Amino acid sequence: MTLTSRYEKKSGSRITAKLGYSFKGSNYWGGQFTQSKGQVKQKKWSRTAWNTKCNSTIGMLWVKGQGTFQTPPGTC
């Protein structure tokens, strides 16, 4: 199963950020990027554990100088 983290920036100044997710209490992050208004960034991950057992997964966005933001939990 594949998880996609996606963030569309609709307003504001350019940010430096990372997309990630939390799974079974551990955090996983993609590489750092910069993003400006009007741009969409996304990252895909595949995990065999998602195929065998349903666990809540939380999408995350870390923004330099602002901290970490979370999505509502998803279920597989």
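The values are calculated or read from the model by the stated rules, or taken from the named source; none is laboratory data. Keep in mind that this is a model prediction, so the values were computed, not measured. With ideal geometry, Cβ positions are generated from the backbone for all residues, glycine too; neighbour counts draw on all protein chains shown.
Some points to look at:
- Given (1) without any contact (Cβ under 8 Å) to a residue 40 or more places away in the chain; (2) in a strand (DSSP E or B); (3) among the hydroxyl-bearing types (Ser, Thr, Tyr), number of the condition SER13 does not satisfy: (2)
- Of the residues making up the stretch 42-68, those that are modelled with pLDDT of 95 or more, in a strand (DSSP E or B) and out of contact with any Gly (no Cβ under 9 Å at 6 or more places or on another chain) are VAL63, GLY67.
- Residue list for the stretch 16-39, filter: assigned to a strand (DSSP E or B), under 18 Å from LYS64 (Cβ atoms) and of a type outside the set (S, T, N, Q): ALA17, LYS18, LEU19, GLY20, TRP29, PHE33
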